[in-house]
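The values are calculated or read from the model by the stated rules, or taken from the named source; none is laboratory data. For clarity, every value in this text was computed on a predicted model and none was experimentally measured. Ideal geometry is used to build each Cβ from the backbone, glycine not excepted, and the neighbour counts take in all protein chains shown.
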Amino acid sequence: MPSLPDPLTPSWGESRRTQRVVIRIPVLVKAPVQGEPPLTEDTFTLVVNAHGALLSLAMKVRPGQRIILRNWATTKEQECRVIHVRENPFGKNEVGISFPFPNPHFWNLNFPPPDWHPFLK
């Protein structure tokens, strides 16, 4: 599986639709299972933007799978789709998720303006 770009490199965010913010936000992930109660996991974000997030997740999910994300700080829930999974044999996997529509208010953050660039040494 190809490696994900490093979020701290200058070119990483240039082609993105919205600015990404490296932040740890506690969330609950619910994965519906047909005919059974959903699987759930308390975890946290690694990176967020208006279109989704990168999560740290022990639960096994696959690209295309629908999950429900709950932001513990706001108790808001958002259905989303798994976009990619980067397996980590020594810990939790990195899971990219996407919202069906941009939802910057889900994170309860003020995102930087589109022309903002982080200071890099």
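The set of residues in the stretch 21-59 being within 13 Å of residue 97 (Cβ to Cβ), in a loop (DSSP other than H, G, I, E, B) and out of contact with any helix residue (DSSP H, G or I) (no Cβ under 8 Å at 6 or more places or on another chain) consists of 51, 59. Scanning the stretch 60-110 for residues that are among the aromatic types (Phe, Trp, Tyr), out of contact with any helix residue (DSSP H, G or I) (no Cβ under 8 Å at 6 or more places or on another chain) and either assigned to a strand (DSSP E or B) or surrounded by 15 or more Cβ atoms within 10 Å (Cβ to Cβ) (or both) gives 106, 107. Restricting 34, 19 to residues that are touching a Gly at 6+ places or on another chain (Cβ under 8 Å), modelled with pLDDT under 95 and of a type in the set (S, T, N, Q) narrows the list to 19.
Just one of the listed residues (43, 75) is without any contact (Cβ under 8 Å) to a residue 24 or more places away in the chain and hydroxyl-bearing (Ser, Thr, Tyr), namely 75.
Say whether the condition of being among the aromatic types (Phe, Trp, Tyr) and within 14 Å of residue 42 (Cα to Cα) is met by at least one residue in the stretch 84-97.
There is no residue in the stretch 84-97 that is among the aromatic types (Phe, Trp, Tyr) and within 14 Å of residue 42 (Cα to Cα).
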